[in-house]
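First up is the structure itself, then whatever we jot down about it.
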Amino acid sequence: MEPLLEVKDLATYFYTDEGIIKALDGISFSINEGEILGLVGETGCGKSVTATSIMGLIPSPPGKIVRGSILFKGKDLLSLSEQQMRRIRGKDIAMIFQDPASSLNPVLRVGFQVAEAIWAHLKTPIREAMLKAVELFGLVNIPDPHTAVNRYPHQLSGGMKQRVMIAMALSLNPKLLIADEPTTALDVSIQAQILSLIKILQRDYGSSVLLISHDLGVISTMAHRVAVMYSGLIVEQGRVEGLFQSPLHPYTQGLLAAIPRVDEDISELAVIEGTLPNPINPPAGCRFHPRCPWAMEICKSKRPAFKAVKPYHEVACYAYAD
Ligand code: SF4
């Protein structure tokens, strides 16, 4: 079966006075229908640039997609005009951000903003769209939806604003939802509720989800498959169970070893020595080699290719060469 989304060799650069930031330098992954793919990695590794590249929202200048393709239902999004992309955004591919306030218009009532999105994409009369907004607010557990639709964004908490964004996503029943750190800014008690709403969207509406998070716990409970990013590249991907039980890449192993457990003395937690490389001048060869305990001579000069080491489990690392 053809994947819903297929990203191939995608490279997105930013041309700055300091030099070229190679935020993405050739990433490939796919998402099947009804699947949740988790994208994990440290802050600055390129997760959000992946999302904005798919949405066609890379600010240009200074950003530019320099190579690759983004096939959505078999069609390359990079070949579409801005007008064609506008039709796809929201209706076919919706996105929710870490900070929902940045996506809501502060001077418009939140119910109207949801109704307007329904009207713009489905041409539903605005009165009918408002009723739909009330229904959706109830569905995402916003208390007293009839009153809530008349509130402005500043009158809602962060969790409520994120629910409004999810209601907006639900309203158009998108084929793909991109959720970029959707719970990072929220209290732990609210996080679980938001994640369960995303799960409902996937399960009951059949949407696929690209779930971006630095939180491996969130990914392990939500995703079917996971891709691990490091310095603008994907270094490992596979099914959640396999990857979390037997991580292959030393970076993934380091990430998992660094998760604190309740019965563990935090002074004994493993750390990944060093920091993410400068994206303007990343190390040659494997970008992880300055931090890698297994680094070999070849790692310093030649980038390792992706290789399937086990069924549905691929890694880019010379330690797994034949
Ligand atoms: Fe380490 Fe080399 Fe593997 Fe990179 S390719 S992770 S440096 S062993």
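Quick note: the coordinates plus some simple rules give every number you see, no bench work behind them. Computed from a predicted model, the values in this text were never measured in an experiment. Positions of Cβ are generated from backbone atoms using ideal geometry, with glycine treated the same way; all protein chains shown enter the neighbour counts.
Applying the Karplus relation 6.51 cos²θ - 1.76 cosθ + 1.60 with θ = phi - 60° to the stretch 303-317 yields 3J(HN,Hα) values of 5, x, 7, 6, 9, 7, 8, 9, x, 6, 9, 10, 9, 10, 6 Hz, where x marks Gly and Pro.
For the stretch 154-224, the square roots a ≥ b ≥ c of the C-alpha gyration tensor eigenvalues yield an a/c of 1.5 or more together with a/b not exceeding b/c, which makes the shape oblate. Around the amide H of Leu39, modelled in the peptide plane, lie the amide H atoms of Leu211, Ile212, Ser213, Ala227, all under 5 Å away and 5 or more residues distant in sequence or on another chain.
Taking Cα pairs under 8 Å and at least six residues apart, what relative contact order does the stretch 1-103 come out at, in percent? Present the calculation step by step, with values, prior to reporting the outcome.
Working: 143 pairs, mean separation 33.4, N = 103.
After rounding, I find 32 percent.
Across the stretch 47-154, C-alpha contacts under 8 Å between residues 6 or more apart give a mean separation that, scaled by the residue count, equals a relative contact order of 21 percent.
Around Ser231, what is the net charge, scoring Lys/Arg as +1 and Asp/Glu as -1 over all other residues with Cβ under 13 Å from its Cβ? All intermediate terms of the calculation are to be shown ahead of the outcome.
On the way: positive: Lys22, Lys47, Arg287, Arg291, Arg303; negative: Asp25, Glu42.
Once all neighbours under 13 Å are counted, the net charge is +3.
Here the spin labels are modelled as points 7 Å beyond Cα on the Cα-Cβ line, and at Gln193 and Gln155 they lie 1.8 nm apart.
Where both partners of a DSSP beta bridge lie in the chain, what percent of those bridges are antiparallel, to the nearest 5? If you can, show how the numbers build up before the last one.
Details: 32 of 50 bridges.
Here the share of antiparallel DSSP bridges comes out near 65 percent.
Cross-link candidates for Lys91: which lysines have Cα within less than 24 Å, leaving aside residues fewer than 8 places away along the same chain? Lys91 reaches Lys8, Lys47, Lys73, Lys75, Lys123, Lys132, Lys161, Lys175, Lys199.
The packing ranking, built from the mean of other Cβ atoms within 10 Å per residue, places the peptides 272-283, 4-15, 124-135 in the order 4-15, 124-135, 272-283, highest first.
Which shape class applies to the stretch 120-178: rounded if a/c is under 1.5, otherwise prolate when a/b exceeds b/c and oblate if not, where a ≥ b ≥ c are the square roots of the Cα gyration tensor eigenvalues?
Working: a/c = 1.90, a/b = 1.22, b/c = 1.56.
Oblate.
Here the sum of -39500 (n - 2.57) over DSSP H runs of 4 or more residues, divided by the residues of the chain, equals -9000 deg cm²/dmol at 222 nm, to the nearest 500. Straight-line cross-link partners of Lys310 among the aspartates and glutamates, defined as a Cα under 16 Å from its Cα and at least 8 positions apart when in the same chain: Glu236, Glu241, Asp322. Determine which residues of the stretch 190-213 fall in the zone a paramagnetic label at Asn173 would reach in this model, i.e. backbone nitrogen under 16 Å from the point 7 Å along Cα→Cβ. It comes to 200-208, nothing else.
Between Gln113, Gln245, Gln162, which gets the highest mean-square fluctuation from a Gaussian network model of the chain, Cα cutoff 10 Å? Residue with maximal mean-square fluctuation among Gln113, Gln245, Gln162: Gln245. Run the quick spin-label model on Met296 and Ile200: label points 7 Å from Cα toward the beta carbon, then report their separation in nm to one decimal. Between Met296 and Ile200, the simple spin-label model gives 5.1 nm.
Exposure proxy shown here: for Tyr318, Tyr251, Tyr152, Tyr312, the number of other Cβ atoms within 10 Å sets the order, fewest to most, as Tyr312, Tyr152, Tyr318, Tyr251. With R₀ set to 45 Å, the beta-carbon distance separating Lys307 from Ala101 gives a calculated FRET efficiency near 0.60. Residue-wise HN-Hα couplings along the stretch 43-59, as the Karplus relation 6.51 cos²θ - 1.76 cosθ + 1.60 with θ = phi - 60° gives them from phi, are 4, x, 8, x, 4, 5, 5, 4, 5, 5, 5, 5, 6, x, 10, 6, x Hz; Gly and Pro carry x. Relative protection proxy for 287-293, 97-103, from highest mean packing down: 287-293, 97-103 (other beta-carbon atoms within 10 angstrom).
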